[in-house]
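The values are calculated or read from the model by the stated rules, or taken from the named source; none is laboratory data. Keep in mind the model is a prediction, meaning the values are calculated, not measured. Here Cβ is always computed from backbone atoms with ideal geometry, including for glycine, and neighbour counts include all displayed protein chains.
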Amino acid sequence: MPQEIKLNINGHLKTISADPEEPLLYILRDEFDLKGAKFGCGVQQCGACMVLVDSLAEPTCLRPCGSFENTQITTLEGLAKNGKLHPVQQAFIDTQAAQCGYCLNGMLISAVALLKTNPRPTDDDIREGLNQVICRCGTHSRFIKAVKLASEKLNA
Amino acid sequence: MKDLQLDQTSRRSFLKTTGHLMIGFNILPLSFCQTKAGQTNISPYPGIPVRPTIDNKLVDSWIRLDADGYLTVLSGKQELGQGIKIALIQIAAEELDIEPGRCHIVNSDTGQTPNEGFTAGSNSVEGSGSAIRLAAAEARLHLLKMAGQKWNVATDNLMIKNGVIKSPSGEEISYWKLLEGKFIEAQISGEAPLKSPKGYKYVGQPLEREDIRKMVIGESHFVHDLKMPGMVHARILHPPSYNDKLKSIDLSELEAMPGVLKVIKNGSFLAVVAEREYQAVKARNLLKSLAVWDKIPHDILQETLFESITNTPGAPEKVKISEGIEETISNASINHRAEYFKPYHMHASMGPSCAVALWEENLLTVWTATQGVYPVRDTLADLFSLDKEKIRCIGSPGAGCYGHNGADDVSGEAALIAKEMKGKHVRLQWMREDENKWEPYGTAMAFRLSAGLDPEGKPLAWDSIVWSDSHSTRPNGKAGSFISARHLDPPVEFRKGGFSGGSHRNGIPEYSFAAKQLHLFNYDGPLRTSSLRGLGAYANTFAMESFLDELIHISGNDPLDFRLKNLEDPRAKAVLEKLATKTNWKSRSNSGNNGFGIAYARYKNATSYFAVLAEVEIDIGAKNYKLKKLTGVIDSGLTINPDGLKNQTEGGMIQSASWTMMEEVNYDQNGITSVDWSTYPIFRMIDVPEVEVHIINRPETKPMGAGEAAMGPVAAAIANAVFDATGSRIRNLPLKPEKIDWEAIS
């Protein structure tokens, strides 16, 4: 049965009426037209549906939307501030780190989460930090370059 | 930029002229342009009116100058993540001298782009690119002639700078002002002068892809992201396995679920439509628990697949015959034979297949991530017994497909479901399980290779026997190529074709063997197969370049020297020589825990040249090995966009390494068991090696497709490196560490 659910998404408190069991991904995409997070596997194996929950990267394809109350959710759309891209977004553009781009949401969200806890990651730290996200096109080596570049910019 | 825009009067006349053309030819029913089809959250480019392509020989079919000082390029090739949009824009911008930033591109839409078949075979730059180049050159000449007439000046004396033509006496006019809103009335003669590569400004530059900028901020981009007013959501429940038939199902509980608008049952075709996407997912789950199936087990099991494939009955195709070759090999002082095997591989797209379909009256519009909008349209026409002109297929980006995956099937299914929901946009997305179980795989293949060398190691004879199922069961105008058409009542018949095409791609060695022979057995295997990146070239090259490494080892040769000595084409030698320089091949240090493997192939024996070095590191204690580094060198002729070429090549190398080291579709008698990423694991970040790509640019030669060039050589290079490190020759993919004889190393 639908219930009133309060979600803090990209700094805005939103109240919706929804089935609290409905996974957050469908709410983001269908209710709020936030299409950054993607459906990839539906079983938390591929990371296409990642968002930042407080400051951790978490999949949204299974976890009920109701359980996200009292958290700060940041989606890909919420990374840019005041019209300025997040350094991770800019770095992905600068290194042209994409092929089809379906995994980009998971990669970017994981990269932002990684840099919050580890501002100067090594290549291996980046591999570990982005390991939850699957990329089928084989763009991995560019993602490592992009995260390194973002780290340099953030620490400059 | 403002001065390039048309004033209001010309703008009106522009739209009127092009509009008139549309009515005049009347190919696409006018009603298409006024339907709900246009109401999407991903707006189509508004600068040119939508009208169908008329004839590929017209400049206007490929190149249009629009009302706002922009150039629009039209291509029948789909953007699949390979960066084709920017490459094609660079080609047009170059010939027409317009900044690429003022160019748009419209890809694959039966309502407006040329029919270029499938986006396949790494043929977009060679095919679409050369057509666009010729059209742009023709447009340039046409515009120069118009200006020349206007000013009474010979065209040779005119200059062009960024879309503005200038005369020696200082007159200036932009293309757009010159056309006064008319379209370019010119045929592509093929005789318009082409720019010399020496003067290229845009071709050869690493220009940025526009779509990446949009994707990093989460803008709607994919077919999955489309949203239309009143759109409803569908899910399908495929049978548990290929031949299973629906026995019974009670739909009453389903129909009462909240949000469920429709449950469709037709033969073994089951689908649900709901208001919200998650409601459709829940309904599918219930559908799955309720459906009762008549199970028809697979007869050829994975354990006996190699036996089954190599026992294909009947006579082989004689692809290349050399009389007496068997004897030559038997009598050679060095001779060798071996069998190689490749299992079924998945495309395993990141995003499950998705399409949106809309029926209005008797008009069907489908937003599809297919590689071929026209072939899919023709196949839909057969499925619904509808005139082709009543169907519009609009290409929309999907997650990377790497060949014929579920994108076509889901388009057919969305149209079948939407037919029951007239007037509603129906968005159908597969679940991960649908994707993994139902996509057509890259086929299993087997090889029996034998060769002979003379006492000095000179190549005498090479004999190949290849076994392969079909590499193309793409939509071909026959509805049976859509998987779900076969589940309807009555089922649409499917006749497998496309045998042989692609099976022996790269099967005949380029090396200077005096005699060469190839026989091909067409195998009708247990799993659904079709085109996967490189088709047969991947496994042929894996087998051939591994087997060559065996011959090199047996004859005591050096892997680089032997290749250089026995290849004639200087461009083939050049990629290998550059690879040797870039990797310090001669002074490579073998610490005892690492191994190096080289491989080379010219894709299709006719397009891009690619050589690669793989370095592996072994851990004897853990009985494991790691791919440390891949270094590749590619020559694909004239480089249009070096960063795009690198990106495609890096991606191909990593994807191939994943296929080679990890991948195999698993199945048992009840069907496919590789249903998700845990049961079909692929490379993740921690598995990926360091990757380096070097380009040999050849501006004076034609550009060649590059996206598939790396697949085969990378597989063999890794196998050769594993052999170098361990002494184990693994001939059956994937190259799993448990196949290495670890005891033999110590």
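Quick notes on this structure:
- Boolean, A:L108 is more than 9 Å from chain B (Cβ to nearest Cβ), at negative phi, assigned to a helix (DSSP H, G or I) and touching a residue at least 24 places away in the same chain (Cβ under 8 Å): no
- Taking the criterion of being outside any loop (DSSP other than H, G, I, E, B), out of contact with any His (no Cβ under 8 Å at 6 or more places or on another chain) and away from chain A (no Cβ under 14 Å), the residues of the range B:427-451 that qualify are B:M445, B:A446, B:F447, B:R448, B:L449.
- Within the range A:89-104, considering residues that are assigned to a helix (DSSP H, G or I) and within 7 Å of chain B (Cβ to nearest Cβ), the one surrounded by the most Cβ atoms within 10 Å (Cβ to Cβ): A:F92
- Within the range A:52-85, being closer than 30 Å to B:I86 by Cα and without any contact (Cβ under 8 Å) to a residue 60 or more places away in the chain holds for A:L76, A:L79, A:A80, A:K81, A:N82, A:G83, A:K84, A:L85.
- Hits in the range B:676-712 - residues which are part of a loop (DSSP other than H, G, I, E, B), within 14 Å of chain A (Cβ to nearest Cβ) and of a type in the set (V, I, T): B:T679, B:I682, B:V688
Listed here are the residues, each with its yes/no results for (1) within 21 Å of B:M445 (Cβ to Cβ); (2) in contact with a helix residue (DSSP H, G or I) (Cβ under 6 Å, 6 or more places away or on another chain).
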residue	(1), (2)
B:T679	no, no
B:M685	no, yes
B:V691	no, yes
B:N697	no, no
B:G705	no, yes
B:A709	yes, yes
B:I718	yes, yes
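- Residue check, B:G652 surrounded by 18 or more Cβ atoms within 10 Å (Cβ to Cβ) and outside any strand (DSSP E or B): yes
- The C-beta contact set for the range B:718-746 (first residue touching a residue at least 60 places away in the same chain (Cβ under 8 Å) and more than 19 Å from B:P343 (Cα to Cα), second residue among the charged types (D, E, K, R) and surrounded by fewer than 14 Cβ atoms within 10 Å (Cβ to Cβ), distance under 6 angstrom, 6+ apart or interchain) comprises B:W742/B:K623.
- Of the residues screened, A:A146 is not one that is in contact with a Leu (Cβ under 6 Å, 6 or more places away or on another chain) and either at the interface with chain B (Cβ under 10 Å from one of its Cβ atoms) or modelled with pLDDT under 95 (or both).
- Hits in the range A:34-44 (condition: facing another protein chain (nearest Cβ under 7 Å) and surrounded by fewer than 19 Cβ atoms within 10 Å (Cβ to Cβ)): A:V43
- Counted residues, the range A:115-130 - those being assigned to a helix (DSSP H, G or I) and within 11 Å of chain B (Cβ to nearest Cβ): 7
- Test: residue in the range B:231-247 that is over 23 Å from B:A485 (Cα atoms), at pLDDT 95 or above and within 14 Å of another protein chain (Cβ to nearest Cβ): yes
- Lone unmet requirement of (1) free of Cβ contacts under 8 Å to residues at least 24 places away in the same chain; (2) in contact with an Asp or Glu (Cβ under 7 Å, 6 or more places away or on another chain) for B:T370: (1)
- One residue stands out in the range A:1-31 among those that are of a type outside the set (S, T, Y) and away from chain B (no Cβ under 14 Å): the one that is surrounded by the most Cβ atoms within 10 Å (Cβ to Cβ), namely A:L7.
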